[in-house]
Amino acid sequence: MNETPAGFHDSRKTRISKYNWLSLTGVPLAAILFQVYVPQFFHYLAYLELPLLVTVYFALMRRSPVAGVFIGAGVGLAQDSLSHHYLGMYGLVKTLVGYFAASVSQRVEVDNSVVRGVLAFFFFFFHQFFYWVLSHALIGETFDFDPVQTLVLAALNTAVAIPLYHVLDKLKVTE
C-alpha cells in the first residue's frame, strides 16, 4: 500500500478504472462512426467531437500516460482512416490529448463531474488549437482558428461530455 508521510493512504493509484475489451473498442468505434456519418444527415451535429470526448474519458479513468498515449493514438488513427482528413493528423493530436489527460488524472481526482467538465472543455480547446498548429506546421494547410467559436464549441461539447461520462461510468468492471 502506498502510504504518505503523514500516514494517509493515497487512493488515486488504487482507483484505476477497468473496462472489458468490448467497451474499450466498441465505444471509441461507435464515437468515430458517429463523427463520420451522422453529420452527413444532421449537419447541426457536426460540432460534436465524440472521439475526443471518449479519448479524454478513457485516458482520465485509466490514469496512466502510457495507456493515454495508446488510447489517443488508436482513436485518432481510426478517425483519420475513416474521415477525409490527412492520415495521422488526428492521431498526433489525440495522442497528445490522451497523454496530457492521463497525466492530469494522476494529480487531480477526476471522479467529480465538475472536474471532468472543466477538463473536457480544456482538452477540446487544446485539441482544436494543436490541430490548427500541426496543420500549419506539417502540411501547410491554412484555415482560420477562431478562439471565440472554439470556446463556444468547447462549451457545447462539455454539455454533451458530462452526461456521456456518467453513461460510460456504468461500463466499468467491478472486481
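The values are calculated or read from the model by the stated rules, or taken from the named source; none is laboratory data. As the structure is a computational prediction, the values presented were derived from the model and not from experiment. Backbone-built Cβ (ideal geometry, glycine too); neighbour counts: all protein chains shown. When the accessible area is computed, the model is the full protein with side chains, heavy atoms only, and any ligands, DNA or RNA have been set aside. Shrake-Rupley method; radii C 1.70, N 1.55, O 1.52, S 1.80 Å.
Things to note:
- Under the combined filter of DSSP loop state and at most 15 neighbouring Cβ atoms within 10 Å, region 88-145 retains these chymotrypsin sites (Phe, Trp or Tyr not before Pro): Phe143, Phe145.
- For region 91-115 and region 37-59, distance of Cα centres in Å: 18
- The distance between label points at Val66 and Tyr44 comes to 4.6 nm (points 7 Å beyond Cα on the Cα→Cβ vector).
- Within the accessible area of region 26-175 (1.4 Å probe), percent carbon and sulfur: 71
- Degrees, to the nearest 10: 50-62 long Cα axis against longest axis of the chain: 20
- Solvent-accessible surface of the chain, taken per residue with a 1.4 Å probe and all protein chains present: 55 Å².
- Gyration tensor verdict on region 47-109 (Cα atoms; rounded if a/c is under 1.5, prolate if a/b is larger than b/c, oblate otherwise): prolate
- Ile16 versus Thr142: modelled label distance in nm, points set 7 Å from Cα along the beta carbon direction: 4.7
- Over the chain - Rg/Rh using Cα atoms and the Kirkwood inverse-distance radius: 0.99
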